[in-house]
Amino acid sequence: MQERAKTLDFASLSQPFREAEKDASKFRIGTESEKFAVRPDGGPVLYDEPNGIVDLLKLLAARFGWEPSNEYPGGPILALKRDEASITLEPGGQFEISGAPFATLDDTAEEFSTHRAELEAVGRELGIVFLGLGFHPFATRAELPWVPKLRYPIMRDYLPTRGHRAHDMMQRTSTVQANLDYASEEDAMRKLKLALRVQPLLSVMFANSPFKEGKRGDYLSERADVWLHMDPDRSGIPAFAFTDALEYREYIEYALDVPMFIVKRGSEIQRATHLTFRQFLRDGLGEARATLEDWTVHLATLFPEARLKHIIEMRGIDAQNAELAVAASAFFKGLFYDSRSLDALEALLRGITREALEGYRRRAPSEGYSAELGGKSTREYAEALLDLADSGLRRLAGEGASERRFLEPIAELIRDGESPASRMLREAGDREGEELRRFLLERARF
């Protein structure tokens with residue numbers, strides 16, 4: 001018998017967050033990395049073509065001990081699992097590893113090294129190259145596949161009514177994400193609000209999508225521009241990021257008023273885009289009544305720059321190569337797991353209004369390091385944030401081995417006043433056409 005809506009009171013809705021709280025001594029960090037699978041000629045890799053995505057998943061499972069997974073019994077293969085890690089597919093076939101939560105970045109680096117080696121091994125056999133970029137550098141939307149996940153057709157139809165770059169978001173963007181733990185309600189909401197407010201700065205520092213359809217694009221981060229033209233109900237920086245309260249209720253109230261995508265029961269789905277979760281909670285949908293599982297699914301359909309679930313997801317930066325992906329997690333660990341760095345981050349961002357930050361978000365994809373916020377250049381912020389992350393990692397290490405070395409790939413760029421995108425543009429020079437394609441296939445590999 002289904003759990004009925006009336007049982008989902010505030011305590012129930014906050015349950016996934018409260019159950020995730022843990023002592024700081026048990027904090028871990030997980031890293032997620034998406035990348036594009038392309039052919040040596042730059043063409044996209046389709047889901048069910050010979051030597052395509054399905055064959056890629058099957059070969060990884062057969063060779064390296066991954067366990068295939070699907071949404072429902074008998075459904076198409078959509079994911080792989082191994083221990084605490086998983087490999088999943090985004091709507092356009094973007095290939096994502098969700099790494100295990102680790103206490104040390106050494107373990108994360110080893111996991112990514114193994115992942116890259118496995119991809120290279122099967123890629124050689126299937127004729128696939130993996131690119132760590134925030135926006136597909138070659139394909140048009142029409143050339144890319146649609147992965148057969150149950151909710152994707154509904155998203156494909158609904159999201160363009162809310163933002164004209166929705167299909168670009170689904171098919172042509174990729175990201176790196178760090179997943180952080182929290183100790184309490186206050187700790188979770190403080191970290192979440194600071195994460196939401198710092199993400200636009202980090203999107204410039206890690207900008208890595210300056211190419212579009214085989215040419216130089218208009219932005220250092222095409223992906224960041226895409227997210228400016230997405231569903232405003234579920235993306236961007238919610239208003240609660242600028243309030244003083246530190247309560248789960250704020251995030252719950254926000255989530256309750258975001259329209260749903262689907263209600264899923266086994267392999268059966270119902271479209272629910274006409275309902276907010278608050279309405280579903282009150283009225284149901286046909287015979288379906290809201291359950292805690294529905295709430296958990298709904299939380300995963302919110303796309304703000306930082307997201308609260310059983311972890312805090314840092315979602316605001318472009319996909320990177322393996323070294324910079326680990327550097328991103330090192331950055332977040334140093335900023336958010338050391339109390340002094342967290343205090344200093346709060347002080348650095350204090351006084352920046354929502355209006356100012358939204359204006360910065362609109363300028364930053366094209367202006368990069370020259371964009372200003374609150375009277376400071378992005379480069380000034382980048383240097384300050386790097387110092388906080390570096391000193392945070394140093395203090396966290398205590399007498400142990402410091403993880404500061406994992407910051408070096410991004411530290412080098414910041415010292416030179418560059419992002420991955422601006423450096424890649426400089427190195428590409430005046431290459432175009434076939435010469436640019438060959439350059440990107442080598443230079444932008446995961």
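The values are calculated or read from the model by the stated rules, or taken from the named source; none is laboratory data. Quick caveat: nothing in here was measured; it's all calculated off a predicted structure. All Cβ positions, glycine included, derive from the backbone under ideal geometry; neighbour counts span all protein chains shown.
Hey, any hits in segment 70-92 for a residue that's hydrophobic (A, V, I, L, M, F, W, C) and more than 23 Å from the chain's Cα centre (by Cα)?
Scanning segment 70-92, I find no residue that is hydrophobic (A, V, I, L, M, F, W, C) and more than 23 Å from the chain's Cα centre (by Cα), so the answer is no.
If a residue counts only when it is in contact (Cβ under 8 Å) with a residue 40 or more places away in the chain, which strands (runs of 3 or more DSSP E) contained entirely in segment 65-163 have at least 1 such residues?
85-89, 95-98, 129-131
Can you say whether residue 256 is at pLDDT 95 or above and under 30 Å from residue 368 (Cα atoms), as far as the supplied structure shows?
no
Mind counting the residues in segment 176-195 that are closer than 25 Å to residue 155 by Cα and surrounded by fewer than 24 Cβ atoms within 10 Å (Cβ to Cβ)?
1
Out of (1) at pLDDT 95 or above; (2) farther than 17 Å from residue 322 by Cβ, what's the single condition that is false for residue 71?
The failed condition is (1).
Scan segment 43-64 residue by residue and report those that are assigned to a loop (DSSP other than H, G, I, E, B) and either touching a strand residue (DSSP E or B) at 6+ places or on another chain (Cβ under 9 Å) or not small (Gly, Ala, Ser) (or both).
The answer is 45, 46, 47, 48, 49, 50, 51, 52.
Of the conditions (1) on the phi > 0 side of the Ramachandran plot; (2) touching a helix residue (DSSP H, G or I) at 6+ places or on another chain (Cβ under 7 Å), residue 127 clears all except one; give me its number.
Evaluating residue 127 over (1) on the phi > 0 side of the Ramachandran plot; (2) touching a helix residue (DSSP H, G or I) at 6+ places or on another chain (Cβ under 7 Å) leaves (2) as the failure.
For segment 260-300, name all the residues that are crowded, with 16+ Cβ neighbours inside 10 Å, outside any loop (DSSP other than H, G, I, E, B) and among the hydrophobic types (A, V, I, L, M, F, W, C).
Listed by number, the residues that qualify are 262, 263, 269, 277, 280, 281, 285, 288, 295, 297, 299.
Criterion first (within 23 Å of residue 445 (Cα to Cα) and surrounded by fewer than 17 Cβ atoms within 10 Å (Cβ to Cβ)) does residue 65 satisfy it?
Taking the combined requirement at face value, the residue does not satisfy it.
Could you tell me how many of the residues in segment 350-377 are exposed (fewer than 15 other Cβ atoms within 10 Å of the Cβ), in contact (Cβ under 8 Å) with a residue 40 or more places away in the chain and part of a loop (DSSP other than H, G, I, E, B)?
The qualifying residues number 1.
Quick one: which residue in 394, 404, 438, 445 is of a type in the set (Lys, Arg), buried (at least 18 other Cβ atoms within 10 Å of the Cβ), over 30 Å from residue 238 (Cα atoms) and over 22 Å from the mean Cα position of the chain (by Cα)?
So the residue among 394, 404, 438, 445 that is of a type in the set (Lys, Arg), buried (at least 18 other Cβ atoms within 10 Å of the Cβ), over 30 Å from residue 238 (Cα atoms) and over 22 Å from the mean Cα position of the chain (by Cα) is 404.
Filter segment 18-47 for residues that are surrounded by 12 or more Cβ atoms within 10 Å (Cβ to Cβ) and among the basic types (Lys, Arg); which is farthest from residue 336 (Cα to Cα)?
So the residue we want is 39.
Would you point out the residue of segment 163-211, among those that are of a type in the set (D, E, K, R) and in contact with a strand residue (DSSP E or B) (Cβ under 6 Å, 6 or more places away or on another chain), that is farthest from residue 437 (Cα to Cα)?
Among them, the one singled out is 191.
So if I check each of 204, 176, which one is assigned to a strand (DSSP E or B) and in contact (Cβ under 8 Å) with a residue 24 or more places away in the chain?
176
Go through segment 338-358 and give me each residue that's within 20 Å of residue 25 (Cβ to Cβ) and among the small types (Gly, Ala, Ser).
339, 341
Could we say that residue 240 is under 30 Å from residue 219 (Cα atoms), aromatic (Phe, Trp, Tyr) and modelled with pLDDT of 95 or more here?
Against the criterion (under 30 Å from residue 219 (Cα atoms), aromatic (Phe, Trp, Tyr) and modelled with pLDDT of 95 or more), residue 240 qualifies.
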